[in-house]
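Throughout, read-outs are computed from the coordinates displayed, never taken from laboratory work. Every value quoted in this text rests on a predicted model; they were computed, and no experiment measured them. As a convention, Cβ positions derive from the backbone with ideal geometry for all residues, glycine included, and neighbour counts pool all protein chains shown.
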Amino acid sequence: MTNLKLIAASFAAAALVAIPSVGAETQSSEEMTEGEAKLAKMLEGRVAGEPQSCIYAAPNLDIKVIDGTALVYKSGRTLYVNVPHNARSLDDRDTMVRRTTFGNRWCNTDIITTVDRHVGHYTGNINLGKFVPYRKAS
């Protein structure tokens with residue numbers, strides 16, 4: 001199985017686990033959501049490193065939200081991918097407000113509150129997972 005197919009299959013499997021069984025449509029491991037396909041394209045030619053509990057994040061942090069799939073943070077040549085425990089609630093139209101005690105580090109213990117960027121009302125919380133670094137293959 002190629003690295004890209006392995007990534008896609010793991011995201012599809014994670015999505016199946018997260019979907020409630022009542023009224024849920026079945027999804028084979030070969031099908032990808034739009035978000036999973038977008039993430040797979042971003043990770044083409046990259047190799048996953050050891051998952052990290054925390055990463056240093058500059059104050060002007062630029063995190064890309066892949067709807068219903070993951071958060072992606074670029075630091076130099078490395079992309080850090082975080083698949084939150086409740087990734088299906090990720091929406092790129094929301095603003096993220098982070099609550100932490102670790103300063104300029106983002107950690108898997110952080111709770112992210114999401115707020116509608118246009119209206120300003122609360123839309124939910126996101127529980128971060130570990131950060132997986134992806135670097136270009138040598």
Query - Percentage relative contact order, the stretch 54-97, counting C-alpha pairs under 8 Å, at least six apart - result: 34
Query raised in the report: From the phi of every residue in the stretch 125-136, what ³J(HN,Hα) in whole Hz does the Karplus formula 6.51 cos²θ - 1.76 cosθ + 1.60 yield, where θ is phi - 60° and glycine or proline is x?
Result: 10, 10, 9, 5, x, 7, 9, 9, x, 10, 10, 4
**Report entry** Pairs of Cα atoms farther than 16 Å apart, the stretch 33-98, %
**Finding:** 47
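Applying 1/(1 + (r/R0)^6) with R0 = 25 Å to the Cβ-Cβ distance of Met96 and Glu44, what FRET efficiency is obtained, to the nearest 0.05?
Values: r = 26 Å, r/R0 = 1.03.
FRET efficiency, Met96 to Glu44: 0.45.
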Report task. Please go through the stretch 31-138 and write out the trypsin sites (Lys or Arg not before Pro) that DSSP classes as loop and that have at most 15 other C-beta atoms within 10 Å. Result -> Arg77, Arg93, Arg117
**Report entry** Cα pair distances exceeding 19 angstrom across the stretch 73-138, given as percent
**Finding:** 39
